[in-house]
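All of the numbers you see were taken from the coordinates with simple rules; none came from a lab. Since we're looking at a predicted model, the values are computed, not measured. Because the Cβ atoms are built from the backbone with ideal geometry, glycine has one as well, and the counts that use them run over all protein chains shown.
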Amino acid sequence: MDYSNKNVLIATNNHDTAQKIKKFVVEKGFYVMKICENLDDIKRITNIEKPDLAIFDLNLIEDNFSENFMLSLNFNTIFINKSQKEHTDFSGFYHDFFSDVQINNVLNSGLKKFKLIKNENHIIVKENSSKIKLNIDKIFYIKTDNIYLKIYTKNKQYFSRTSLKSFLDKYNCGTFIRVHRSYAINKNHITKLQNNYLHINEISIPISRKYLNTIKLIFN
């Protein structure tokens, strides 16, 4: 399967583990969006940008997140842990001293299980009195407007009757990041990060204080 243009989030505070996983996923074609070493980073990053795949070290999160919470996240997740216990919900486990072959087997097993759900590549929008299919990649940014979304492309503006959260849950494939209560932006069109604004050419999108530190982490 082609994993190019797929984003992966790695969460572990073990440097050697992080490098082994990174080597594996990069060779598969993934883009490593971030290696998180603490829970705050995980929360901030996933709150505004959903990865196609997350690889979590349970040693980092097990004391703070319940299994049910982690399993409810709306992106594919592989859990790795030094424990030998079996659990059907987890994709694989490893020991403290594991070989490249072991970690590769665990991650390959997880990838085969998920097969990375194919994201929708278009949304139905209103154009005058008609409804059309709009390719997601053409969207520059999105703004909430009461019960509608205003969807902006290079030259046009469209409307869709859905919430920003619903849009991001359904269509987000690591492309859009939430930067404000009212805005989400296609990161592939961003030209500049300056102070509290993201820029798409001459367009300035405000970043709220809630998301600012996370945006800086992503664009670090």
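Between residue 165 and residue 126, the FRET efficiency estimated from the beta carbon spacing at R0 = 22 angstrom works out to 0.65. Scattering from the C-alpha atoms of segment 167-220 alone, worked out with Debye: what is log10 I(q)/I(0) at q = 0.15, 0.20, 0.26 1/Å? Values returned for q = 0.15, 0.20, 0.26 Å⁻¹ are -0.37, -0.67, -1.12. According to the Kirkwood relation over distinct C-alpha pairs, the hydrodynamic radius of segment 19-58 is 11.0 Å. Rounded to the nearest 20 debye, the dipole size of segment 122-218 about its Cα centre is 160 debye, using +1 on the Cβ of Lys and Arg and -1 on the Cβ of Asp and Glu. Listed cross-link partners 138/192; 28/187; 34/126; 133/154 are compared with a 25 Å cut-off, the Cα-Cα value being larger for 34/126. Maximal additional length on extending the residue 156-residue 192 stretch stands at 10.8 nm, based on 0.36 nm per residue less the C-alpha distance. Per-residue 3J(HN,Hα) values for segment 145-160, derived from phi via the Karplus relation 6.51 cos²θ - 1.76 cosθ + 1.60 with θ = phi - 60°, read 8, 6, 8, 10, 9, 8, 10, 10, 10, 4, 10, 9, 10, 10, 10, 9 Hz in sequence order (x marks Gly and Pro).
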